[in-house]
Amino acid sequence: MAAIKHVTMEFSMPFKGIGKNDRGNTITIDEGDKYTEPYDLLLMALGSCLYSTFEDIITKKKLSYEMFEMDITGEKRTETPTTLKYCNIIFKAKTEESNKKAFEKSMELACKYCSIYNTLSYVAEMHSEMVFS
């Protein structure tokens, strides 16, 4: 059986909203300077799905890290519909030298199995790379 997800959204004019999930978490959505825009949410959804998939993989491999970050850049098309044109994901990790090859392979597998990455790949050119500090 598929996992059913549910959120509620409340909006007012000019464009401002609040998204809520069934666990009580909320996020403010707006096109202003201090709020989260829809494409920010899309890139954050991609990053959280990719990390969740990556973490599952490195946990099975019994790998660990001192630091892990993701830097995600996306560009929307100018033509309508303004779907994502490209997306670049940089995985940044600090881990032992002996883990680096396994981390790179884990990143590749995360991109292969992440459902949001795969969904976006239908409309956008996707790039990813792992860098170590």
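Coordinate-derived values only; no laboratory data. Owing to the predicted nature of the structure, the values given are computational and were not obtained by experimental measurement. Positions of Cβ are generated from backbone atoms using ideal geometry, with glycine treated the same way; all protein chains shown enter the neighbour counts.
In the chain, Cα pairs under 8 Å separated by at least six residues give a relative contact order of 20 percent. Using alpha carbons only, how many angstrom separate the centre of region 19-68 from the centre of region 72-114? Spelled out, the Cα-based centre of one part sits 13 Å from the other.
Set the Cα radius of gyration of region 41-119 against 2.2 N^0.38 Å, with N its number of residues, and you get 1.20.
For the chain, modelled as a GNM whose springs connect Cα atoms under 10 angstrom apart, the maximal fluctuation among TYR113, TYR35, TYR86 occurs at TYR35. Working note: Cα atoms of the chain, range along each principal axis, descending, whole Å: 54, 36, 34. The amide H of TYR86, built 1.01 Å from its N in the peptide plane, has GLU75, GLU125 as neighbours under 5 Å, considering only residues 5 or more places off or on other chains.
Ignoring the sites themselves, the chain has its longest run without GluC sites (Glu not before Pro) in a DSSP loop having at most 13 other Cβ atoms within 10 Å at 97-133. In region 62-111, what trypsin sites (Lys or Arg not before Pro) fall in a loop by DSSP, with at most 12 other Cβ atoms inside 10 Å? Those satisfying the criteria are LYS62.
With 30 Å as the limit, write out which pairs from LYS60/LYS85; LYS5/LYS76; LYS20/LYS94; LYS34/LYS100; LYS34/LYS85; LYS16/LYS94 have Cα-Cα distances beyond it, or answer none. Going by Cα-Cα distance, LYS60/LYS85; LYS20/LYS94; LYS34/LYS100; LYS16/LYS94 fall outside the 30 Å limit. A cut-off under 13 angstrom between Cβ atoms defines the neighbours of PHE54, and their net charge, with Lys, Arg +1 and Asp, Glu -1, is 0. Counting only alpha carbon atoms, the long axis of helix 100-113 and the longest principal axis of the chain meet at about 40°.
Using the Cβ of SER106 as centre and a radius below 11 Å, the other residues enclosed give a net charge of +2, where K and R count +1 and D and E count -1.
For the chain, the antiparallel share of DSSP beta bridges with both residues in that region comes to about 70%.
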